[in-house]
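Here is the structure we will look at.
The values are calculated or read from the model by the stated rules, or taken from the named source; none is laboratory data. Values in this document were obtained by computation on a predicted structure and should not be read as measured data. Quick reminder, even Gly has a Cβ in these numbers, built from the backbone with ideal geometry, and neighbours come from all protein chains shown.
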Amino acid sequence: MKRLGLIGGTALEHLALDEPRRRAVETPWGAPSAPLTLGRLDGLDIVWLNRHGDHHRIPPHRVNYRANIAALAAEGVDGVIALNAVGGITPAMTPGSLVLPHQLIDYSWGRAQSFCDGDDQPVAHVDFTHPYDRDLRQGLLVAARGAGLALVDGAVHGVVQGPRLETAAEIVRLERDGCDIVGMTGMPEAGLARERGIPYAALAVVVNPAAGKSDRLISLDEIGRVMAAATPRLLALLGAFAAGAVG
C-alpha cells in the first residue's frame, strides 16, 4: 500500500502526522467536510479527513459524503479506513471496545447515496454483498495481534439517521434485525467508496451502551471519557497497521 485514506470524526477528531500539510480541495460534488491533511504515519503516506469538519460542526445527516469520498479518490488512496464512534447493542460490545465490523444495515434516509444521479453520470450497480474490504480487515486484525491489542472481529453495524440518539424500542428493533453496534456515519460512506472502487473498512469504538442497554441514561460526558481512554489504543492500532502496510 502506498497511500491510505483515514476518515475520522467523533472517534479521533485529530491525527498527528509527520510532515503534515493541509490542502483545501473542491470536487464535482462540492467541498469535502474539511481541508485534507496529508502526511505520514509510521512511514505510510496518509490522507486524513475529519467527516464532521473542523470544530465538529457538521451533523451526520449533513455530511457531504460524496465530496469526501471523491476528494480521497482524487488523492489516489489505495484504501480507506473509517473510524466510527458507536453504541454497543449486544453483550460483547462493551464501552471501550475496538470493533471491526463485517456487515452493515442502513437505516439512514434522505442522504445522497450514489454518484449515479446526474445525466452525465453512468449508472453503476456495484456488488455490496460484503461492504468491508477483506484485505483491509485482515491487515487490521494482523496489526492488532502484533501490537497485543484486543480487537473484536466481526459485528453488524446498524447505521441510523441521527443526530439524536435512539429510543430503547429502536434498539430492540435493531437487535432483532441482527445489529451488534449502532452509529450514524457508516453510510452512504461505505457504498460510495465501493462505487469508486476504493477498498474500505470501518474501525469502530464502542463509546456507550445503546439506549435501554444500561440503567443509566446516555451521557455525553461519559462518552467523552470513554473515547479519551480508548484513543491511545486506537492510535496504536493505526500505527501498527501503517507500519505493516509499509513493510
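Do we have Arg164 as within 20 Å of Ala11 (Cα to Cα) and free of Cβ contacts under 8 Å to residues at least 60 places away in the same chain here? Against the criterion (within 20 Å of Ala11 (Cα to Cα) and free of Cβ contacts under 8 Å to residues at least 60 places away in the same chain), Arg164 qualifies. Once region 114-139 is narrowed to residues that are of a type in the set (D, E, K, R) and surrounded by fewer than 18 Cβ atoms within 10 Å (Cβ to Cβ), the residue that is nearest to Arg196 (Cα to Cα) is Asp127.
Just one of the numbered conditions (1) in contact with an Asp or Glu (Cβ under 8 Å, 6 or more places away or on another chain); (2) over 25 Å from Tyr132 (Cα atoms) is not true of Pro188: (2). Within the bounds of region 3-15, is there any residue that is surrounded by fewer than 21 Cβ atoms within 10 Å (Cβ to Cβ), more than 24 Å from Glu222 (Cβ to Cβ) and at pLDDT 95 or above? The answer is yes, given that some residue of region 3-15 is surrounded by fewer than 21 Cβ atoms within 10 Å (Cβ to Cβ), more than 24 Å from Glu222 (Cβ to Cβ) and at pLDDT 95 or above. Would you check if there is a residue in region 32-45 being on the phi < 0 side of the Ramachandran plot, at pLDDT 95 or above, small (Gly, Ala, Ser) and in contact with a Gly (Cβ under 7 Å, 6 or more places away or on another chain)? Yes, region 32-45 contains a residue that is on the phi < 0 side of the Ramachandran plot, at pLDDT 95 or above, small (Gly, Ala, Ser) and in contact with a Gly (Cβ under 7 Å, 6 or more places away or on another chain). Set side by side, the residues Arg66, Arg111 differ, and just one is under 17 Å from Ala190 (Cβ atoms), of a type outside the set (S, T, N, Q), at pLDDT 95 or above and surrounded by 22 or more Cβ atoms within 10 Å (Cβ to Cβ), which is Arg66.
Each residue in region 69-101 was checked for being surrounded by fewer than 18 Cβ atoms within 10 Å (Cβ to Cβ) and under 30 Å from Val246 (Cβ atoms), and 5 pass.
Residues of region 41-53 include at least one that is over 17 Å from the mean Cα position of the chain (by Cα), farther than 24 Å from Gln121 by Cα, buried (at least 19 other Cβ atoms within 10 Å of the Cβ) and not aliphatic (A, V, I, L, M). Answer yes or no as to whether Leu220 is out of contact with any Gly (no Cβ under 8 Å at 6 or more places or on another chain), of a type in the set (A, V, I, L, M) and surrounded by fewer than 21 Cβ atoms within 10 Å (Cβ to Cβ). So Leu220 passes the test.
Starting from residues that are β-branched (Val, Ile, Thr) and modelled with pLDDT of 95 or more, keep the ones in region 201-225 and report whichever is farthest from Leu165 (Cα to Cα). Applying the filter and picking the extreme gives Val205.
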